[in-house]
Amino acid sequence: MIDSLCDQTERKDIAVIGLYCDFLAQKEQSTTDMLGAILKQLICREGIPEHIREAFRKAKKEFGGRGLRLPGLVEILKKAIILLPRVFICIDAIDESIPRYRRELLESLREIIRVSINTRIFLTGRPHIEDEIMRSFSKVVKIPFRPTQGDIKSYLEMRLSHDTDPYAMDDELRADIMRVIPEKISEV
């Protein structure tokens, strides 16, 4: 989806921002880290505006050079985003983030779009967080997606073909993986 948006938005006044929530890096993906990544992608387009430089300088001078806190980061993002006519923020696998961070991120994004009506947020995640997302935003368009058994089998074949230890699996185990996993996932 990000590639498609980027292909359609080659103009400089439209920003496409992308994040991926990684289950294996949950603790490193705090709300401030994720919002900081969004800000970094925004300012890499044009350079760092002076008000953002000043906010970071000020935070660095405070106790131990602590960095920006969440409220300050949200305010900076609002100022940076509102200057652009259109912003797309895409966050993949938001269900993989720690619930506390996810709640803070959703609240922060809600605050950002409250002041920037031309910002669109695209989230992907498994169905168990749907209610959380619906509570966070007043207008939500839901596009249900379920991979087919063929999609799952293609993915498994690709992953198994790149196995770093191909001799750890015999043909019977491989056949079981190719049969059981697509059945179980498509049942959900």
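The values are calculated or read from the model by the stated rules, or taken from the named source; none is laboratory data. All values reported here derive from a predicted model rather than from experimental measurement. Virtual Cβ from ideal backbone geometry, glycine too; neighbours counted across all protein chains shown.
Here are the numbers for the structure shown:
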{"quantity": "Qualifying residue in region 77-99 (condition: in contact with an Asp or Glu (Cβ under 9 Å, 6 or more places away or on another chain), assigned by TED's automatic domain parsing to the domain that holds Ser30, farther than 25 Å from Ala25 by Cβ and part of a helix (DSSP H, G or I))", "calculated": "yes"}
{"quantity": "Candidate set: region 111-134, residues that are among the hydrophobic types (A, V, I, L, M, F, W, C) and free of Cβ contacts under 8 Å to residues at least 24 places away in the same chain; chosen: the one surrounded by the most Cβ atoms within 10 Å (Cβ to Cβ)", "calculated": "Met134"}
{"quantity": "Test: residue in region 102-110 that is among the basic types (Lys, Arg), within 21 Å of Ala25 (Cα to Cα) and either surrounded by fewer than 15 Cβ atoms within 10 Å (Cβ to Cβ) or at pLDDT 90 or above (or both)", "calculated": "yes"}
{"quantity": "Where a residue in region 27-42 is in the same structural domain as Ile81 (by TED's automatic domain parsing) and its partner, wherever it lies, is among the polar types (S, T, N, Q) and not in a helix (DSSP H, G or I), with Cβ under 8 Å and at least six apart", "calculated": "Gln29/Ser97; Met34/Ser97"}
{"quantity": "Lone unmet requirement of (1) assigned to a loop (DSSP other than H, G, I, E, B); (2) closer than 16 Å to Met34 by Cα; (3) polar (S, T, N, Q) for Ser108", "calculated": "(1)"}
{"quantity": "Residues of region 112-146 classified as of a type outside the set (S, T, N, Q) and in a strand (DSSP E or B), total", "calculated": "4"}
{"quantity": "Boolean, Leu84 is at pLDDT 95 or above and either surrounded by 15 or more Cβ atoms within 10 Å (Cβ to Cβ) or over 17 Å from Leu39 (Cβ atoms) (or both)", "calculated": "no"}
